[in-house]
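Contents: one structure, followed by commentary.
The values are calculated or read from the model by the stated rules, or taken from the named source; none is laboratory data. Please read these numbers as outputs of a predicted model, since none were measured by experiment. We place every Cβ from the backbone using ideal geometry, glycine too, and count neighbours over all the protein chains shown.
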Amino acid sequence: MEEKTAVHGIVLSSQGGLSLYVSTLAKRSLTLAAEMRAQLIIVVAEDGSGDATSINEAVQLALPGASIIVKPGIYREQVILDKVVEIVGEGERGDIVLSSDSAECILMKAERAFLHNLTIQGSAGELRKAAIEVLDGQLILEECELTSNGSGIVVQGARAYPIIRQCSIHHVARKGIHFTNGSAGLVEDCDIWENGFSGVVIDRGSNPIIRRCKIFNGKESGVMVTRSGRGLIEECDIYGNRAPGIFISKGGDPIIRGCRIHGGSNGIAVMERGAGTIERCDIFANRLPGIGISRAGNPLVRHCQIHDNLQQGVLIAEEGIGTIEDCDIYRNASAHVLIKQGSNPYLLDCRIYDGSQSGILITESGAGVIKGCDIFANVHPAVVIEKGSDVLLRECHIHHGKANGISVLDGGRGVIEDCQIYENAYAGIGVKGPAEPLIRKCNIYNGKREGIIFTAGAGGTLEFCDIHANQSHGVVIRSLSNPSIQLCNVYENHQYGFYVREQGAGKVEQCNVYGNRLGSWFLEAGSQTQRDKKGSWRR
């Protein structure tokens, strides 16, 4: 009698029953594998020739990790990414269009997703919807083109970290890419252009990396960092924007490194407690100052080239601060550095040259520390201190200018200390009243005219200085000027050591005056300069 056994509901006989069981299982496995393959590779075709006619339908069908191939067509829908999938356009990017006029085209909620070779057209701007919104996870967006009548890409929250590579984001009515609410991400090798607001906005503690992008021809700033935004902006070419190439405000504190910023309004503007580190950038050919700092803006700018701007190289106004260090600032149309309106920056170890106006102009109660700078070959005085300004100028080389080396006038003050001032076309230092600088330990020599001139009621103190080998007089005091001069060496000038006229006054004490070609002193009748008979001090 034949034995029969039931296994998983299949009745097996002793004659060939096991073979039948194995065959049935194999068929079921093949069917399951085919179903899984169908869910792991899904083809979307608008004409019905694929597995789905919409991208969102394909996402719903897909298993996590599936690939969705999108054929050419116009797909009018919102795609909600709530699982790990890959969506790839097949064919020419411009022929594969995803558009939505009622919501975001892409709403990212998954841990990870990948989009490649799509054209994304946001049409829900009137509803304040972006073309893409990333709320969570890592959306990898590569070689896509994006336009929108609202914002382009909005990245929100600390759990969001998109990677956007080799994309073109343009003709967006508002922000091209907006990182907000503590988000991060990487934007790399993208073209971001002709957008209605800033190309990239970073705010509310967000901290993305923007690298090797071209950001240009926007109707506002290229990049805006505000409201405690941070970020690294590296090796980008930022140009032709109507507002500053980079705008930093309200506690924004980015690192800007190795960028070219040109052809816009300001290159970089920092204001309203904005900060940031700007290093190894080339900032040139902007319509307004290359860098503008105001309203407690306080950036660190170092190792930059700032040149050929149509106004100042650096403007620090309205109580701006900032540190400008080891920069080359040259060939700007206005003063290379303008400090005014109570501003108080540090300018350290810079080279400031080839200007059609002054190297540094401090005016309207400006202040600051200028140390270790090489300031030369400017058409107007290398340094001008005026209108109540009070600056510390120390250890600078000021030379080969086409006017005075330094001019102090109209209520200017300040300390000029340990400077080398030489081979300027006019006076090494000109003080025009009312002005009261303290000039100490300077070497003023080889000028084409006077070493130093006090005129129009000027005051001030000159001490511990060497004034020599100038082609006119060493020291000129005229027009009711009244300086205090002590412990100086005045020698080997081509005319007089001291030349006093037009009721010049002042006091000269303990100075060594010798070897001047026309003599030590010329005192015009009526001059009131007090002097001791012989100096004994030598530096």
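Test ILE268 against the stated conditions and say whether it is surrounded by 24 or more Cβ atoms within 10 Å (Cβ to Cβ), in contact with a Lys or Arg (Cβ under 8 Å, 6 or more places away or on another chain), within 18 Å of GLU325 (Cα to Cα) and at pLDDT 95 or above. The answer is no for ILE268.
A single entry from ILE233, ILE238 fulfils the requirement of being among the β-branched types (Val, Ile, Thr), farther than 13 Å from CYS304 by Cβ and over 9 Å from the mean Cα position of the chain (by Cα): ILE238.
Determine whether GLY459 is small (Gly, Ala, Ser), touching a Pro at 6+ places or on another chain (Cβ under 9 Å) and either without any contact (Cβ under 8 Å) to a residue 40 or more places away in the chain or part of a loop (DSSP other than H, G, I, E, B) (or both). For GLY459, the condition - small (Gly, Ala, Ser), touching a Pro at 6+ places or on another chain (Cβ under 9 Å) and either without any contact (Cβ under 8 Å) to a residue 40 or more places away in the chain or part of a loop (DSSP other than H, G, I, E, B) (or both) - is met.
Take the residues in region 440-475 that are β-branched (Val, Ile, Thr) and in contact with a Gly (Cβ under 8 Å, 6 or more places away or on another chain); name whichever of them is farthest from HIS494 (Cα to Cα).
Going through region 440-475, the residues β-branched (Val, Ile, Thr) turn out to be 444, 452-453, 455, 461, 467, 475.
Cutting the leftovers down to in contact with a Gly (Cβ under 8 Å, 6 or more places away or on another chain) gives us 444, 452-453, 455, 467, 475.
Numbers: ILE444: 14, ILE452: 14, ILE453: 15, THR455: 20, ILE467: 12, VAL475: 12 Å.
Result: THR455.
For region 500-517, a tally of residues being in contact (Cβ under 8 Å) with a residue 40 or more places away in the chain and within 18 Å of VAL431 (Cβ to Cβ) returns 2. Among the residues of region 190-211, the ones that are of a type outside the set (A, V, I, L, M, F, W, C), out of contact with any strand residue (DSSP E or B) (no Cβ under 6 Å at 6 or more places or on another chain) and more than 18 Å from VAL134 (Cα to Cα) come to 1 in all.
Would you please name the residue that is farthest from the chain's Cα centre (by Cα), looking only at residues in region 369-382 that are surrounded by 21 or more Cβ atoms within 10 Å (Cβ to Cβ) and assigned to a strand (DSSP E or B)?
PHE376
Residues considered: ILE385, ILE316, ILE321, ILE352. Of these, the only one that is part of a strand (DSSP E or B) and closer than 28 Å to GLY251 by Cα is ILE316. In the set ALA469, ALA425, only one residue is out of contact with any strand residue (DSSP E or B) (no Cβ under 6 Å at 6 or more places or on another chain), closer than 19 Å to TYR496 by Cα and aliphatic (A, V, I, L, M); that residue is ALA425.
Considering every residue within region 37-52, establish whether at least one is in contact with a Lys or Arg (Cβ under 8 Å, 6 or more places away or on another chain), within 30 Å of GLU111 (Cα to Cα), in a helix (DSSP H, G or I) and modelled with pLDDT of 55 or more. Checked against the condition, which is being in contact with a Lys or Arg (Cβ under 8 Å, 6 or more places away or on another chain), within 30 Å of GLU111 (Cα to Cα), in a helix (DSSP H, G or I) and modelled with pLDDT of 55 or more, region 37-52 yields no hits at all. If you go through region 170-180 one residue at a time, do you hit one that is over 27 Å from the mean Cα position of the chain (by Cα), closer than 25 Å to ASN217 by Cα and at pLDDT 95 or above? Looking for residues that are over 27 Å from the mean Cα position of the chain (by Cα), closer than 25 Å to ASN217 by Cα and at pLDDT 95 or above, one finds none in region 170-180, hence no. Could you please let me know if SER198 is in a loop (DSSP other than H, G, I, E, B), within 19 Å of the chain's Cα centre (by Cα) and modelled with pLDDT of 95 or more? For SER198, the condition - in a loop (DSSP other than H, G, I, E, B), within 19 Å of the chain's Cα centre (by Cα) and modelled with pLDDT of 95 or more - is met. In region 302-328, the qualifying residues are those that are farther than 20 Å from GLY342 by Cβ and charged (D, E, K, R), and the one that is surrounded by the fewest Cβ atoms within 10 Å (Cβ to Cβ) is ASP326.
Of LYS129, LYS83, all but one fail to be more than 27 Å from the chain's Cα centre (by Cα), buried (at least 19 other Cβ atoms within 10 Å of the Cβ) and in a loop (DSSP other than H, G, I, E, B); the exception is LYS129.
Within region 67-80, being part of a loop (DSSP other than H, G, I, E, B) and either among the hydroxyl-bearing types (Ser, Thr, Tyr) or closer than 18 Å to LEU135 by Cβ (or both) holds for one residue alone: GLN78. Of the candidates GLY73, GLY122, GLY91, the single residue that is over 22 Å from VAL172 (Cβ atoms) and either surrounded by 15 or more Cβ atoms within 10 Å (Cβ to Cβ) or modelled with pLDDT under 95 (or both) is GLY73.
Taking residues in region 370-382 that are in contact (Cβ under 8 Å) with a residue 24 or more places away in the chain, and partners anywhere that are in a loop (DSSP other than H, G, I, E, B) and basic (Lys, Arg), the pairs with Cβ atoms closer than 8 Å and at least 6 places apart or on different chains are ALA377/LYS402; ASN378/LYS402; VAL379/LYS402; HIS380/LYS402.
Screening SER102 with (1) surrounded by fewer than 20 Cβ atoms within 10 Å (Cβ to Cβ); (2) on the phi < 0 side of the Ramachandran plot; (3) in a loop (DSSP other than H, G, I, E, B); (4) modelled with pLDDT of 95 or more gives one miss only, at (4).
Being part of a strand (DSSP E or B), in contact (Cβ under 8 Å) with a residue 12 or more places away in the chain and under 11 Å from the mean Cα position of the chain (by Cα) is true of ILE261. In the set (1) hydrophobic (A, V, I, L, M, F, W, C); (2) under 19 Å from TYR422 (Cα atoms); (3) touching a Cys at 6+ places or on another chain (Cβ under 8 Å), the condition left unmet by LEU487 is number (2). Give the residues of region 169-184 that are in contact with a Phe, Trp or Tyr (Cβ under 6 Å, 6 or more places away or on another chain), outside any strand (DSSP E or B) and surrounded by fewer than 24 Cβ atoms within 10 Å (Cβ to Cβ), sorted by residue number. If the condition is that a residue be in contact with a Phe, Trp or Tyr (Cβ under 6 Å, 6 or more places away or on another chain), outside any strand (DSSP E or B) and surrounded by fewer than 24 Cβ atoms within 10 Å (Cβ to Cβ), then ARG174, ALA184 are the ones that fit.
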